[in-house]
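Trainee: This structure is in structure tokens; I'll ask about it shortly.
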Amino acid sequence: MNFKQLTFCFSIVFFVAFYSYGFQKENEIRYKGIERTLGILHSSSKENPKELSVLFYGQSIIGGMKPVILIDSLEKTFPYTTIDFKQKAIGGFTVPLLIKTAEHDLFHENPDLIIFHAYEGIKDGLLDSLVRRIREKMTSEILLLNHHYVWSTPRSHLKFVNESHDLDSKEIEKIAKKYQCGFLDVRRYWRAYLKHNNIKANKLVGNTVKPDVHPNAKGNKLLRQIILSKLRSKPKSIYNQENDELRTDILIDDESKQIKTEFVGNRLELFMDEQEEKTPIVVEVLIDKKKPSTFREFYYVTRPSKGFKSHMPAIKRVSLGPTLPREEDWTITITDIDRVNKTFIYSLYGSLTGFDGSGHSDLNFVSNSNRIHIEKGDFHIFNIEDIVEKNTPQNFKIKFSVKTHTKDTIVIPHYKSKCVLYHSRLVGNHELELNILKGDRKIKKLIAFKPFLSNNE
């Protein structure tokens, strides 16, 4: 092979690699930090209203600040932005636990912004892994918060905690920079507030007397104000979706009953024209000429139900096995609880599969159908008992479901103008075929979403 032939082959390989994932091309921007979120908020107007979705995740510091109050305040600042939010924080779940529950809580979602704070997972690299995983699986922007000031006694222990939180807060900032997330230095603002008002940290946590990590009413108000100040700040650049590298508009000009197109990404949303038509539209979906129900990677498991007398999930993570999943409700029944040896036996039933095997809490579990896998360390039953000081009753039931966004046939009611057409745990190039079986509403466009990072970045 001569030099020209070698150069030509290299060019072809480069071209395929360049466009297979959709790397940045001319005039495309991969918005960093929370620039897109700020752009949406600040560009909304009476003539051009906007929508924004926010997901709160982490542990009790996030949940305890009452996100609904924060969202109400944000909507008053930006009255022409409709803000939808979900609060999925789990009190008491530090990063080593959240990295497991994230499989249920995050990766099938697609909020514009994730606001996150949790403790631990710094030294062992788990926070880094969690943030990277979000960046590899989701299009969402992330706002990482570092630690506020807590209260503890004696003074020597408070000094130890503060030094530890100082170091962790700096590492959180480094992770935010590494993955180009938004970062909010809560610790700096908190310290400035304490100094300006000449008060100690205990005045903003707990009952102001006993050692506590949880902000009280005044502390939560301060935390919301700090976050709001970040969200009210003006963006450094004007957001334009036409230049957004992670979101690709696919305009549909064809009014026929069959639409074919290609896209790159792991999520696809469909948008309808606003019409007076009161009947639903029924659409058959084919991905790569196959029914979506035949793709294993389109399915996900919902968060398992709560433990006895607790807000915490009874199981940290349930995984799908190699057998093709299907939408189904599952129930685990716990029996033979042995509190001396911290063990129990359980059985699994599927709403379609029926009885699917029995397991022992000391062993990894693979269901008879090979649809459901549970690692032995992922049950949280006895941890919850230690916290709530209540015994789990015999025959206690834990429920979860297997679901998918991607249906073989979708029905869009007349009052909806958009829906999720496709969502996968994998990113790829795909062919899409839509066959309109019923209804006259016109499909206006599709938006294809790609994660912030590809697996090789």
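The values are calculated or read from the model by the stated rules, or taken from the named source; none is laboratory data. Model, not experiment: these values are computed from the prediction. All Cβ positions, glycine included, derive from the backbone under ideal geometry; neighbour counts span all protein chains shown. With ligands, DNA and RNA removed, areas are computed over all heavy atoms of the protein, side chains included. Shrake-Rupley method; radii C 1.70, N 1.55, O 1.52, S 1.80 Å.
Trainee: Of the residues in region 267-283, how many are part of a strand (DSSP E or B) and either polar (S, T, N, Q) or modelled with pLDDT under 85 (or both)? If you could, list the steps in order and put the result at the bottom.
Mentor: Kept after step one, since they are part of a strand (DSSP E or B), are these residues of region 267-283: 267-272, 281-283.
Filter once more, so that each one left must be either polar (S, T, N, Q) or modelled with pLDDT under 85 (or both): none.
So the answer is 0.
Trainee: Just one of the numbered conditions (1) without any contact (Cβ under 8 Å) to a residue 60 or more places away in the chain; (2) within 25 Å of the chain's Cα centre (by Cα) is not true of Trp330; which one?
Mentor: Failed condition: (1).
Trainee: Residues that are within 30 Å of Gln180 (Cα to Cα), open to solvent by 30 Å² or more (accessible area, probe 1.4 Å) and not basic (Lys, Arg): find the strands (runs of 3 or more DSSP E) completely inside region 406-457 holding 3 or more of those.
Mentor: The qualifying strands (runs of 3 or more DSSP E) are 418-438.
Trainee: Follow-up. Would you confirm whether any residue within region 38-45 is touching a Leu at 6+ places or on another chain (Cβ under 7 Å) and hydroxyl-bearing (Ser, Thr, Tyr)?
Mentor: Within region 38-45, none of the residues are touching a Leu at 6+ places or on another chain (Cβ under 7 Å) and hydroxyl-bearing (Ser, Thr, Tyr).
Trainee: Give the residue that is farthest from Glu120 (Cα to Cα), with candidates limited to residues of region 181-207 that are among the charged types (D, E, K, R) and open to solvent by 70 Å² or more (accessible area, probe 1.4 Å).
Mentor: Here the residue is Lys195.
Trainee: Just give me the residues in region 86-96 being touching an Asp or Glu at 6+ places or on another chain (Cβ under 7 Å), open to solvent by less than 30 Å² (accessible area, probe 1.4 Å) and part of a loop (DSSP other than H, G, I, E, B), in sequence order.
Mentor: Thr94
Trainee: Continuing with the same structure: Can you tell me which residue is surrounded by the most Cβ atoms within 10 Å (Cβ to Cβ) among those in region 223-247 that are part of a loop (DSSP other than H, G, I, E, B) and of a type outside the set (Lys, Arg)?
Mentor: Leu246
Trainee: Picking from Ser319, Ser358, Ser369, which residue would you name as being small (Gly, Ala, Ser), open to solvent by 40 Å² or more (accessible area, probe 1.4 Å) and in contact (Cβ under 8 Å) with a residue 24 or more places away in the chain?
Mentor: Selected residue: Ser319, the only one of Ser319, Ser358, Ser369 that is small (Gly, Ala, Ser), open to solvent by 40 Å² or more (accessible area, probe 1.4 Å) and in contact (Cβ under 8 Å) with a residue 24 or more places away in the chain.
Trainee: Of the residues Lys159, Lys178, which single one is surrounded by fewer than 19 Cβ atoms within 10 Å (Cβ to Cβ), touching an Asp or Glu at 6+ places or on another chain (Cβ under 8 Å) and not aromatic (Phe, Trp, Tyr)?
Mentor: From the options Lys159, Lys178, the qualifying one is Lys178.
Trainee: Given the options His148, His104, name the one that is in contact with a Phe, Trp or Tyr (Cβ under 9 Å, 6 or more places away or on another chain), buried (at least 17 other Cβ atoms within 10 Å of the Cβ), in contact (Cβ under 8 Å) with a residue 60 or more places away in the chain and over 30 Å from Leu421 (Cβ atoms).
Mentor: Of the residues listed, the single one that is in contact with a Phe, Trp or Tyr (Cβ under 9 Å, 6 or more places away or on another chain), buried (at least 17 other Cβ atoms within 10 Å of the Cβ), in contact (Cβ under 8 Å) with a residue 60 or more places away in the chain and over 30 Å from Leu421 (Cβ atoms) is His148.
Trainee: If you check Asn220, Asn207, Asn202, Asn198, which single one turns out to be in a loop (DSSP other than H, G, I, E, B) and at pLDDT 95 or above?
Mentor: Asn198
Trainee: Out of everything in region 116-126 that is of a type outside the set (Gly, Ala, Ser) and touching a Pro at 6+ places or on another chain (Cβ under 8 Å), what residue ends up being surrounded by the most Cβ atoms within 10 Å (Cβ to Cβ)?
Mentor: Per the stated criteria, the residue is Leu126.
Trainee: Moving on to the next point. Tell me the residue from Ile83, Ile71 that is assigned to a strand (DSSP E or B), free of Cβ contacts under 8 Å to residues at least 60 places away in the same chain, aliphatic (A, V, I, L, M) and open to solvent by less than 20 Å² (accessible area, probe 1.4 Å), please.
Mentor: Working: Ile71 fails: assigned to a strand (DSSP E or B).
Just a single option satisfies the conditions, and that option is Ile83.
Trainee: Of everything in region 352-374, what is assigned to a loop (DSSP other than H, G, I, E, B) and either touching a helix residue (DSSP H, G or I) at 6+ places or on another chain (Cβ under 9 Å) or among the polar types (S, T, N, Q) (or both)? Give them in sequence order.
Mentor: Selection gives Thr353, Ser361, Asp362, Leu363, Asn364, Ser367, Asn368, Ser369, Asn370.
Trainee: Take Thr139 and tell me if it is open to solvent by 60 Å² or more (accessible area, probe 1.4 Å) and either within 20 Å of Thr101 (Cβ to Cβ) or part of a loop (DSSP other than H, G, I, E, B) (or both). Before you say what the answer is, go through the steps one by one.
Mentor: Details: open to solvent by 60 Å² or more (accessible area, probe 1.4 Å): no; either within 20 Å of Thr101 (Cβ to Cβ) or part of a loop (DSSP other than H, G, I, E, B) (or both): yes.
So Thr139 fails the test.
Trainee: With the requirement that a residue be among the aliphatic types (A, V, I, L, M) and more than 27 Å from Arg36 (Cβ to Cβ), what does region 127-184 give you?
Mentor: Answer for region 127-184, where residues must be among the aliphatic types (A, V, I, L, M) and more than 27 Å from Arg36 (Cβ to Cβ): Val150, Leu158, Val161, Leu167.
Trainee: Okay, moving on. I need the full set of residues from region 286-316 which are part of a loop (DSSP other than H, G, I, E, B), surrounded by 19 or more Cβ atoms within 10 Å (Cβ to Cβ) and over 18 Å from the mean Cα position of the chain (by Cα), in order please.
Mentor: Within region 286-316, Phe295, Gly307, Ser310, Ala314 qualify.
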